[in-house]
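Presented below is the structure to which this report refers.
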Amino acid sequence: MRIEQLGEGTPEIAVVAAIHGDEPCGVRAVERLLAESPAAERPVKFVVANEKALERDVRYVDEDLNRAFPGDADADTHERRLADALAREVRDCTTLSLHSTQSYAEPFALVDTIDAVARSVCPYLPVSVVVETEAESDGRLIEYPHVVEAECGLQHSEEAAENAYDLICGFLTATGALADDAEPVAGDDCESVDVYRLGSPVPKTEADDYEVLAENFERVTEGEAFAAADGEELVAAESFYPVLMSAYGYENVFGYRAERIGVLES
Ligand SMILES: [Zn+2]
């Protein structure tokens with residue numbers, strides 16, 4: 001785990017990159033920001049979490065770090081020990097954790113529940129969607145208070161690194177670490193943010209070829225085929241919004257069903 005700091009004092013704000021080693025966008029954005037070294041109004045801690053997995057360009061070494069919290073300093077696996085260390089590192093911080101996906105190119109935010117932190121941070125982020133993950137938060141960093149996760153875009157893409165940088169700038173402006181006029185947030189001028197609540201995962205049956213037929217955040221209606229395994233279509237028993245759905249992004253699930261629950265006004 002690599003830790004850097006911008007500004008003087010004990011940070012109450014943290015940015016975490018590379019929870020997953022094959023999602024380098026956050027690290028690139030952190031390095032870009034540190035190289036620019038903007039004047040910080042409040043100190044900020046930057047954490048590159050899973051350096052071992054990052055070096056090998058793999059999601060994890062022993063197990064998924066984002067299912068290993070709270071972790072254990074004496075655990076047998078690298079990620080379980082790392083989860084313990086990372087949780088301690090960000091314990092007293094309002095934290096942004098950067099990810100990327102195989103499912104969706106646009107950036108969006110994830111929070112455990114829409115609380116005061118989510119309400120104050122999300123409107124500053126270049127996103128038009130925030131997803132509540134409470135039902136599926138077990139073992140994830142997002143389960144901790146004051147943590148906002150961001151999906152920056154497609155894994156290994158240039159755009160995801162650009163989006164990650166804009167997300168960090170928006171987050172640091174929201175938390176008062178960067179002056180409001182220091183770095184304008186790029187992306188669309190979002191006046192409101194749609195809120196979705198994550199529901200049940202969509203399991204994959206054993207197959208060689210997987211296909212997702214639906215678009216993420218676009219409503220799938222009852223009776224519609226939304227995915228296929230070896231050509232066998234999966235049909236929606238009831239309508240839902242697909243979230244984080246991709247053919248090969250996860251080992252055991254296509255992604256998640258979600259419902260649209262409202263709008264967050266900025
Ligand atoms: Zn990730």
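The values are calculated or read from the model by the stated rules, or taken from the named source; none is laboratory data. Quick caveat, the model's predicted, so the values are computed rather than measured. Counting neighbours? That spans all protein chains shown, and the Cβs are built from the backbone with ideal geometry, glycine included.
Take the conditions (1) touching a strand residue (DSSP E or B) at 6+ places or on another chain (Cβ under 9 Å); (2) at pLDDT below 95; (3) more than 26 Å from R88 (Cβ to Cβ); A161 misses just one of them, which is (2).
Once region 39-66 is narrowed to residues that are more than 14 Å from the ligand (Cβ to nearest atom), of a type outside the set (F, W, Y) and closer than 19 Å to T95 by Cβ, the residue that is nearest to the chain's Cα centre (by Cα) is V47.
If I filter region 69-103 down to residues being of a type in the set (D, E, K, R), under 24 Å from L167 (Cα atoms) and assigned to a loop (DSSP other than H, G, I, E, B), which single residue comes out as farthest from the ligand (Cβ to nearest atom)?
Going through region 69-103, the residues of a type in the set (D, E, K, R) turn out to be 72, 74, 76, 79-81, 84, 88-89, 91-92.
Now drop any that are not under 24 Å from L167 (Cα atoms), which leaves 88-89, 91-92.
This time we only want the ones that are assigned to a loop (DSSP other than H, G, I, E, B), so: 91-92.
Numbers: R91: 21, D92: 23 Å.
Here the residue is D92.
Residues that are among the small types (G, A, S) and either touching a Pro at 6+ places or on another chain (Cβ under 8 Å) or buried (at least 23 other Cβ atoms within 10 Å of the Cβ) (or both) within region 117-152 comprise just one, A150.
Residue check: L244 meets all listed conditions (1) surrounded by 21 or more Cβ atoms within 10 Å (Cβ to Cβ); (2) out of contact with any strand residue (DSSP E or B) (no Cβ under 9 Å at 6 or more places or on another chain) but one, namely (2).
Checking each residue in region 101-116 for being closer than 19 Å to L141 by Cα and surrounded by 19 or more Cβ atoms within 10 Å (Cβ to Cβ) picks out T101, P107, F108, A109, L110, V111, D112.
Of the strands (runs of 3 or more DSSP E) entirely within region 104-172, those holding at least 2 residues that are away from the ligand (no atom under 14 Å from the Cβ) occupy 129-132.
Scanning region 2-20 for residues that are surrounded by 22 or more Cβ atoms within 10 Å (Cβ to Cβ) and either of a type in the set (D, E) or under 17 Å from L54 (Cα atoms) (or both) gives V15, V16, A17, A18, I19, H20.
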